[in-house]
Each structure stands twice: as structure tokens, then as C-alpha cells.
Amino acid sequence: MRKILVVDDEKDIQPLFQQRFRKEIRSGEVEFVFAYSGEEALQRIEHYRHEAILILSDINMPGMSGLELLAKIKQKMHEPPPTVMMITAYGDEENYKKAMQLGADDFLTKPVDFGSLKEKIKTL
């Protein structure tokens, strides 16, 4: 089972992921955990420890941004650190560079291409 933490301040992200991954969730291939802020994500990470193999985080959130969350994840979690993919509505070069400097493993733009995401998850 692949446990995936999705971090996004938009609450409608949960039913969207549950619909797009309905088959994979039913078969037990993946389990999604949702957090609606960077602070909540850190609590979830602390609770699940190394169960989460992938963290998908929005960049632009009120309070702690996805980039700040990424920095904290990469500083705190060492063996082995989870894969972190950043998601943003903006395909701007500055956020991309900053995310990669902070250790992001991948960069996705909204709307998320779920076919491509499913393929990436299979390789984890």
C-alpha cells in the first residue's frame, strides 16, 4: 500500500483525488491522507512517520507555504525522506527553481494530469 499525503488549502481537492483514484483506493494500492495547511501536514507527517511515501503539496497556501513545508520536510526527515512533488497553479520559473533548490522531487501544475501522476506513483 502506498500512503500519499496531499496538502492543499482547497477542500475540493479531497473528493477530486478520491474520484480519480477510486479503483486504486478500492484495490488497496493507495491510501490518501489530506491536510489543508502546512501546519496540519507537519502534524500528519509526525503521526504517520515513514508510512507516507509521497507528499503532494500545493505551493500557494495561507500561513505556511508549500515551499516552507518542503524545507521543513527535507530538514527533518532523513532516512529515507519521502518523495515530495510540488503542485502549483502557476508554472512560473521562480517557484520551480526555489522548489528544486529546496529538494523537491518533481513539480506539477494545476490542473493535475492524473494519468501522468498515476504513472509516477507506480514507479515509487
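Condition first: surrounded by fewer than 12 Cβ atoms within 10 Å (Cβ to Cβ), assigned to a helix (DSSP H, G or I) and not charged (D, E, K, R). Now tell me which residues in segment 10-42 satisfy that.
Listed by number, the residues that qualify are Pro15, Gln19.
Among the residues of segment 43-57, which ones are buried (at least 16 other Cβ atoms within 10 Å of the Cβ), touching a Lys or Arg at 6+ places or on another chain (Cβ under 7 Å) and not aliphatic (A, V, I, L, M)?
Those that are buried (at least 16 other Cβ atoms within 10 Å of the Cβ), touching a Lys or Arg at 6+ places or on another chain (Cβ under 7 Å) and not aliphatic (A, V, I, L, M): none in segment 43-57.
When residues of segment 64-95 are filtered for being more than 14 Å from the chain's Cα centre (by Cα) and not in a loop (DSSP other than H, G, I, E, B), how many remain?
5
Filter segment 43-63 down to the residues that are of a type outside the set (D, E, K, R) and either in a strand (DSSP E or B) or at pLDDT 90 or above (or both) and list them by number. Before you say what the answer is, go through the steps one by one.
Applying the first criterion (of a type outside the set (D, E, K, R)) to segment 43-63 yields 43, 45, 47-48, 50, 52-57, 59-63.
Within segment 43-63, Gln43, Ala52, Ile53, Leu54, Ile55, Leu56, Ser57, Ile59, Asn60, Met61, Pro62, Gly63 qualify.
Which residue out of Met61, Met1 is aliphatic (A, V, I, L, M) and closer than 21 Å to Thr123 by Cα? Give the derivation first.
Values: Met61 fails: closer than 21 Å to Thr123 by Cα.
Result of the check over Met61, Met1: Met1.
Do we find that Val7 is over 12 Å from the mean Cα position of the chain (by Cα), surrounded by 17 or more Cβ atoms within 10 Å (Cβ to Cβ) and within 19 Å of Leu124 (Cβ to Cβ) in this structure?
Values: over 12 Å from the mean Cα position of the chain (by Cα): no; surrounded by 17 or more Cβ atoms within 10 Å (Cβ to Cβ): yes; within 19 Å of Leu124 (Cβ to Cβ): yes.
Judged against the criteria, Val7 is not a match.
Could you check how many residues of segment 17-47 are under 14 Å from the mean Cα position of the chain (by Cα), under 17 Å from Phe114 (Cβ atoms) and without any contact (Cβ under 8 Å) to a residue 60 or more places away in the chain?
4
For segment 67-120: of the residues being among the small types (Gly, Ala, Ser) and closer than 24 Å to Glu24 by Cβ, which is surrounded by the most Cβ atoms within 10 Å (Cβ to Cβ)?
Let us first name the residues in segment 67-120 that are among the small types (Gly, Ala, Ser), namely 71, 89, 91, 99, 103-104, 115-116.
This time we only want the ones that are closer than 24 Å to Glu24 by Cβ, so: 104, 115-116.
Numbers: Ala104: 23, Gly115: 9, Ser116: 10.
The selected residue is Ala104.
The values are calculated or read from the model by the stated rules, or taken from the named source; none is laboratory data. Every value quoted in this text rests on a predicted model; they were computed, and no experiment measured them. We place every Cβ from the backbone using ideal geometry, glycine too, and count neighbours over all the protein chains shown.
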